[in-house]
1. Of all residues in the stretch 132-150, which are under 19 Å from residue 84 (Cβ atoms) and touching a residue at least 24 places away in the same chain (Cβ under 8 Å)?
2. Within the stretch 38-53, can one find any residue that is among the basic types (Lys, Arg), surrounded by 20 or more Cβ atoms within 10 Å (Cβ to Cβ) and either at pLDDT 95 or above or not in a helix (DSSP H, G or I) (or both)?
3. Looking at the stretch 54-79, which of its residues are in a helix (DSSP H, G or I) and either in contact with a Cys (Cβ under 6 Å, 6 or more places away or on another chain) or of a type in the set (Lys, Arg) (or both)?
4. Do you know which residues across the stretch 1-32 are assigned to a loop (DSSP other than H, G, I, E, B), surrounded by 11 or more Cβ atoms within 10 Å (Cβ to Cβ) and without any contact (Cβ under 8 Å) to a residue 60 or more places away in the chain?
5. Give just the number: which of (1) more than 18 Å from residue 115 (Cβ to Cβ); (2) surrounded by 15 or more Cβ atoms within 10 Å (Cβ to Cβ); (3) of a type in the set (Lys, Arg) does residue 80 not satisfy?
6. Looking only at the stretch 151-186, filter to residues that are in contact (Cβ under 8 Å) with a residue 40 or more places away in the chain and closer than 15 Å to residue 141 by Cα; which one of those is farthest from the chain's Cα centre (by Cα)?
7. Can you tell which of 103, 89, 98 is among the small types (Gly, Ala, Ser), surrounded by fewer than 19 Cβ atoms within 10 Å (Cβ to Cβ) and within 19 Å of residue 7 (Cα to Cα)?
8. With respect to residue 97, determine if the residue is touching a residue at least 60 places away in the same chain (Cβ under 8 Å), assigned by TED's automatic domain parsing to the domain that holds residue 56 and not aliphatic (A, V, I, L, M).
Amino acid sequence: MTQPDRLVCALDKIDTANLADPNTEQWDGESLPKEYAYSQHMTRWLFELEPQPSGRMQIACRAQHIERWTMPRRDFPEGRKAYYEWRQACGRMHGRRAAEIMAECGYPQAECERVETILTKRELRRDEDTQLLEDVACMVFLERYFADFYEQNADYDREKWLRIVRRTWGKMSPRGHEAALKLAEGMPAHLLALLQEALAEPGK
């Protein structure tokens, strides 16, 4: 199987897996399986930030949340520590599933392991591919989910919201910051004001 064929094979298998998500998301008037829709948002933003991405980055972005519904947050205890444990467990699962699919499509072991490492984000800030994945994920959150997340957690105080925004901003590279500022121009006024306040006093 040629390299282009392997890539098509891997992306198709990831899509097939995510199409099984019983949860749905509305996108352009259509109801889609949630993680399938998320994977398409990830792919779209990958090409926005990196017009000619590598095959491994296309796979990593498409598999960012592969089959996440099989490991729901409710299976872990409440609290911030447990939340991060859940996120790390999800990352390991996504990496493992992506590597399995790549192996099925004929990718060499080293390339499978490379994508698995990217998805676990163990090398964030030290590895360009991992940082690109994080930039893409942050852009998808800001564009597609930030507004709903804000409404669902309206009881958070202002300081907590500022910490959330600053933490998201701190994960991103200068390239991600530039894209986020451009995106922010079209945000609802209250979210734009929150972003501006968070960035005006990042040290607090």
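The values are calculated or read from the model by the stated rules, or taken from the named source; none is laboratory data. Since the model is a prediction, treat every value here as computed from it, not as a measurement. Because the Cβ atoms are built from the backbone with ideal geometry, glycine has one as well, and the counts that use them run over all protein chains shown.
1. Residues satisfying the conditions are 133, 134, 137, 138, 141.
2. No, because not a single residue in the stretch 38-53 is among the basic types (Lys, Arg), surrounded by 20 or more Cβ atoms within 10 Å (Cβ to Cβ) and either at pLDDT 95 or above or not in a helix (DSSP H, G or I) (or both).
3. Of everything in the stretch 54-79, those that are in a helix (DSSP H, G or I) and either in contact with a Cys (Cβ under 6 Å, 6 or more places away or on another chain) or of a type in the set (Lys, Arg) (or both) turn out to be 56, 62, 68, 73, 74.
4. 19, 20, 21, 23
5. Of (1) more than 18 Å from residue 115 (Cβ to Cβ); (2) surrounded by 15 or more Cβ atoms within 10 Å (Cβ to Cβ); (3) of a type in the set (Lys, Arg), only one is false for residue 80: (2).
6. Taking the candidates together, the pick is 184.
7. 103
8. yes
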